[in-house]
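**Q** Structure incoming, see below.
The values are calculated or read from the model by the stated rules, or taken from the named source; none is laboratory data. Because the structure is predicted, anything quoted here is derived from the model rather than measured. As a convention, Cβ positions derive from the backbone with ideal geometry for all residues, glycine included, and neighbour counts pool all protein chains shown. Heavy atoms of the whole protein, side chains included, go into the accessibility calculation; ligands, DNA and RNA do not. Shrake-Rupley method; radii C 1.70, N 1.55, O 1.52, S 1.80 Å.
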Amino acid sequence: MNLKDMSKEELESMSYDDLAYALLTEKKGQMKIIDLFNEIGKLIKLPASVIEDKIGDFFEMLTLDKRFIMLDDGSWDLRSRHVQKIVIDDEEEDVTVDEIEDTLENEEDEDIFYDEEEDTDTEDDLKDLVVIDEEEDEEGML
């Protein structure tokens, strides 16, 4: 159904982003955000002061709605009309699984920390160690 054929009540019941979607669909072209919101204002008879106050909210709404896309020149259009170009760089060299495994092994070896002044005399570490028998421990607690 054409927007101009809709009643004022029907138009007022629609959200701004739905109205923008319908306008862009009917116009079959991109529009600057202020022009788009002014058209919405004319349709639902919004005062100019309301348009000025709500333009920021309208911008945020369009930004969050995935049906719309902002173009390089700042105008808005329907995302469905624009194809996203994906560029694949073929200049990267092919890497084998063996090369990746070798790289990972080398990185793991580099992460190991060796203490240069490693103490090999463990008897000194154990000289203050006291062994308590379980029976002695139980008797001492009673």
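**Q** Quick one: what pairs do we get from the range 48-62, first residue touching a residue at least 12 places away in the same chain (Cβ under 8 Å) and within 15 Å of residue 74 (Cβ to Cβ), second in a helix (DSSP H, G or I) and of a type outside the set (Val, Ile, Thr), C-beta under 7 Å, 6+ apart or different chains?
**A** 55/37; 58/16; 58/37; 62/17; 62/20
**Q** Right, next: Given the conditions (1) within 19 Å of residue 82 (Cα to Cα); (2) at pLDDT 85 or above, report the number of the one that residue 27 does not fulfil.
**A** Only one criterion in (1) within 19 Å of residue 82 (Cα to Cα); (2) at pLDDT 85 or above is unmet by residue 27, namely (2).
**Q** How about the range 17-33: which of its residues are open to solvent by less than 50 Å² (accessible area, probe 1.4 Å), within 28 Å of the chain's Cα centre (by Cα) and in contact (Cβ under 8 Å) with a residue 40 or more places away in the chain?
**A** Matches in the range 17-33: 17, 20, 24, 31, 33.
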